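Here's the structure, in structure tokens; my notes come after.
Nothing in this text is a laboratory measurement; each read-out follows from the coordinates by a stated rule. The model shown is predicted, which means the values in this text are computed figures rather than measured ones. Cβ placement follows ideal geometry from the backbone for every residue including glycine, while neighbour counts extend to all protein chains displayed.
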Amino acid sequence: MNLCTDQLAMLVAAPGQLVAVSELGRDPHLSAMAEARPEIPTHGSQAEEIFALRPDLVIAGSFTARPAVEMLKRLGLRVVDMPPEQTLDDVAAHLREMGRLLGQESRAEELASRFESDLAALTVPAATPRPQAVVYGPNGYSAGPNSLAGQVLELAGYDNLAAKLGLSWGGQIPLERLIMAEPDLMITGGRYAGGSRSEALLDHPALSAIPRARVPEGSWSCGTPYILGAIRALSEARP
Amino acid sequence: MTRLLLPALALLVALLFVASLTIGYTPAGLGESLAALGTGDGPLGLVMREIRLPRALLGVMIGLSLGLAGAAMQGYLRNPLAEPGIVGISSAAALGAVLSIQLGLSAAFPLILPAAALGFAALAVGLVLMLAGPRGGSITLILAGIAVSALAGALTSLVLNLSPNPYATYEIVFWMLGSLSDRSFTHVWIALPFMVVGWGLLLTLGRGLDALTLGEDAAEAMGVSPRRMRLLLVLGTAACVGAATAVAGAIGFVGLVVPHLLRRAVGARPSALLPASALGGAALVLAADVAVRLVVPDRDLKLGVVMALIGAPLFLHLIRRTRGEVL
């Protein structure tokens with residue numbers, strides 16, 4: 001019942017093993033696996049709904065809606081909390097742990113070791129000076145060097161502007177400050193339907209001069225093997 | 001005194017306009033930033049022209065609109081509590097704006113955004129005038145305002161909650177409190193035509209409002225048609241408040257505070273109060289927008305917060321003073 005654990009579970013589980021995943025796991029803007037395993041139904045992350053599914057095991061993220069998780073524990077379900085992946089090394093470790101939880105150790109091991117060898121095979125482009133990139137999302141939210149997206153920038157051969165502006169995990173960068181810093185590349189995400197002021201910020205004319213790049217949707221919101229796709233996309237986007 | 005008032009207010013607006021241009025996240029000197037505004041092609045020029053200039057211009061335009069609308073409504077209803085924010089016109093305009101954004105209409109035709117806000121604002125003005133009656137008794141006026149703003153506010157929240165966009169829900173705050181941050185010239189251009197029409201309509205009301213101070217019968221005897229005035233007031237207020245709200249959210253209390261502060265200086269003549277109140281509104285909105293950037297530069301403090309801190313105590317004071325009349 002968490003965006004990241006949903007994706008790890010869909011990668012590792014045997015057919016028929018997953019009773020349901022959360023709607024977030026099916027959100028095309030957040031999940032790299034929105035279309036994968038379409039036979040698995042979704043749930044809305046409410047305790048009542050999940051209890052009614054009578055699962056043997058509930059896998060939650062450690063930041064997943066706590067009241068619902070506590071409720072499920074009180075109701076006697078077996079709930080495992082998995083912390084979010086914070087580094088690329090966590091990806092393989094969490095794949096293996098998911099394999100243990102679902103009794104799919106060999107499949108998980110295969111995915112994890114393939115990820116490790118792919119990651120090791122990546123070469124960080126060694127241009128100097130490194131181009132300066134910034135992740136800029138709705139509301140001016142940016143990813144710092146400690147975040148997964150920040151590590152992706154690093155591996156794709158960029159300096160992260162957010163680090164220079166003092167962000168470590170992530171936070172907002174005011175529009176004026178971003179313009180003054182003159183980034184070489186701005187990485188933005190997809191848009192939701194309906195429209196919002198938060199996203200409209202990215203249409204501000206003052207940003208029109210900055211080159212933009214996208215990573216495959218959902219590829220770097222979680223530590224899954226799909227994050228390699230984000231690294232490759234950004235390496236190719238280098239100005 | 002009265003003769004000097006308008007030039008003095010205009011000077012104040014000009015000074016605050018320059019202050020608004022030179023205050024922001026990017027530290028830059030007065031001369032440096034003003035030079036960049038004209039000729040700078042570096043990032044500072046971009047910041048000045050594309051971020052600060054539209055923000056300052058919108059501050060002036062919105063202040064003019066809200067100050068003028070407040071003075072006109074108070075003159076027509078002869079009630080110091082009549083104000084677009086309090087009687088729910090701003091909330092209704094916000095509902096129109098939110099609907100046009102969420103239905104995707106404003107993305108297709110940008111002018112639909114202020115037009116929808118205008119439409120809903122006109123409905124609200126009409127409703128409030130109808131409920132308050134020609135004399136605009138305080139109790140009926142306030143009750144009508146509460147009803148209209150509660151309904152419009154609830155519907156705005158509902159629309160934003162139902163939006164497929166996960167960010168929309170968080171923007172309830174913006175639509176209820178208003179902010180000028182990160183607006184661009186796009187917003188200036190879509191708001192300006194509606195505002196100009198609104199200013200034109202409301203400024204023609206001056207003579208009629210003066211006549212109305214003598215009572216409705218006397219005004220009609222002087223050749224003033226209250227019915228025509230009412231129509232002009234509805235359209236003018238809706239155009240001003242609708243356009244302002246469509247680009248900056250509902251900013252309350254401007255039309256309450258400013259006419260109150262300036263009424264004595266113009267000798268309580270509604271026709272003189274209209275332009276004075278417009279300039280005063282511009283000064284107040286600019287000052288408040290400078291204040292939100294000075295006090296907590298790293299947070300997007302909403303303009304409505306500052307306005308309410310200034311406006312709410314005055315509102316309470318006015319209610320206390322009119323208690324004798326309503327009870």
Evaluate the relative contact order of chain B (contact order divided by residue number), counting alpha-carbon pairs under 8 angstrom at least 6 apart; express in whole percent.
31
Long-range amide H partners of A:G170 with built H, under 5 Å:
A:G144
Sorted by chain and number, the residues with a modelled amide H under 5 Å from that of A:A213, at a separation of 5 or more or across chains, are A:M186, A:I187, A:T188
Alpha-carbon radius of gyration plus Dmax, which is the widest Cα pair, for the protein assembly as shown in Å:
28.3, 96
Taking Lys and Arg as +1 and Asp and Glu as -1, residues besides A:I210 with C-beta under 11 Å from its C-beta add up to -1
For region A:126-141, 3J(HN,Hα) per residue [Karplus equation, 6.51 cos²θ - 1.76 cosθ + 1.60, θ = phi - 60°, Hz, x = Gly/Pro]
10, 7, 10, x, 6, x, 9, 10, 9, 7, 10, x, x, 6, x, 7
Cα pairs beyond 20 Å in region A:60-185, in percent, come to 59
Quick one: grab the alpha carbon gyration tensor of region B:51-104, order the square roots of its eigenvalues as a ≥ b ≥ c, and give me rounded if a/c is under 1.5, else prolate or oblate depending on whether a/b is larger than b/c.
oblate
Out of A:A233, A:G223, A:G150, whose Cα points farthest toward the positive end of the dipole of region A:132-236 (charges: +1 Lys, Arg; -1 Asp, Glu; placed on Cβ)?
A:G223
For A:D90 and A:H29, what does the FRET efficiency come to when R0 = 30 Å and r is the distance between their Cβ atoms, rounded to the nearest 0.05?
0.85
How far apart, in nm, are two points set 7 Å out from the Cα along the Cα-to-Cβ line at B:A108 and at A:V124?
5.0
Scaled by the rule-of-thumb 2.2 N^0.38 Å, the alpha carbon Rg for region B:1-139 gives a ratio of 1.37
Rank B:T169, A:L77, A:Q7 by how far each Cα sits towards the positive end of the charge dipole of the protein assembly as shown (+1 on Lys, Arg Cβ; -1 on Asp, Glu Cβ) and give me just the farthest.
B:T169
Tell me the net charge near A:P225. Cut-off is 9 Å between Cβ atoms, A:P225 excluded, with +1 for each Lys or Arg and -1 for each Asp or Glu.
0
Nearest 10 degrees is fine. How inclined is helix A:227-236 to the longest principal axis of chain A, computing both from alpha carbons?
20
Considering the alpha-carbon set of chain B alone, what are its Rg and its Dmax in angstrom?
19.4, 63
Considering the zone a paramagnetic label at A:E39 would reach in this model (a point 7 Å from Cα along the Cα-to-Cβ line), which residues of region A:3-29 have amide N under 19 Å from it?
A:7-22, A:26
Using the Kirkwood radius over C-alpha pairs as Rh, can you work out the diffusion coefficient of chain A via Stokes-Einstein at 4 °C, viscosity 1.567 mPa s, in µm² per second?
68
In degrees, nearest 10, the alpha-carbon axis of helix B:185-203 is tilted away from the dominant principal axis of the alpha carbons of chain B by 20
Exposure proxy order (Cβ contacts within 10 Å, fewest to most) of B:L212, B:L53
B:L53, B:L212
Any cysteines in the protein assembly as shown with zero other Cys Cβ atoms under 4.7 Å from their Cβ? List them, or say none.
B:C240
Volume in Å³ per residue [convex hull over Cα atoms, computed for region B:235-327]:
123
Starting at 0 and stepping by 5 Å, how many percent of the alpha carbon pairs of region B:231-286 end up in each bin?
4, 19, 24, 27, 18, 7, 2
Region A:119-239: radius of gyration over Cα atoms, expressed as a fraction of 2.2 N^0.38 Å:
1.00
Of all the Cα-Cα pairs you can form in region B:102-179, what percent are over 23 Å apart?
31
Rank B:A94, B:A147, B:A115 by mean-square fluctuation in a GNM of chain B with C-alpha springs under 10 angstrom and give only the top-ranked residue.
B:A147
What's the Kirkwood radius of region A:1-51 in Å, using all Cα pairs?
10.8
Whole-Hz ³J(HN,Hα) from phi, Karplus 6.51 cos²θ - 1.76 cosθ + 1.60, for region A:3-18, glycine and proline x:
3, 7, 5, 4, 5, 4, 5, 5, 5, 9, 5, 7, x, x, 7, 8
Starting from the Cα gyration tensor of region B:177-296, take the square roots of the eigenvalues, sort them a ≥ b ≥ c, and report rounded, prolate or oblate (rounded when a/c is under 1.5, otherwise prolate if a/b is larger than b/c, else oblate).
oblate
Once the Cα atoms of helix B:89-102 and of chain B are each reduced to a long axis, what angle between those two axes, in degrees from 0 to 90 to the nearest 10, is obtained?
40
Just B:L274, B:L209, B:L294 to compare: in a GNM of chain B, with alpha carbon springs under 10 Å, which one fluctuates most?
B:L294
Among B:F253, B:F315, which comes first, then next, by fewest other beta-carbon atoms within 10 Å?
B:F315, B:F253
Stokes-Einstein, Kirkwood over Cα pairs, region A:3-120, 25 °C, 0.890 mPa s; D in µm²/s equals 167
Longest site-free stretch - chain A; sites: GluC sites (Glu not before Pro), DSSP loop, at most 16 other Cβ within 10 Å:
A:40-239
Computed magnitude of the charge dipole of the protein assembly as shown (debye, nearest 20; Cβ of K, R +1, Cβ of D, E -1):
2320
Evaluate E = 1/(1 + (r/R0)^6) for A:R78 and A:K164, where r is the Cβ-Cβ distance and R0 equals 51 Å; express this FRET efficiency to the nearest 0.05.
0.65
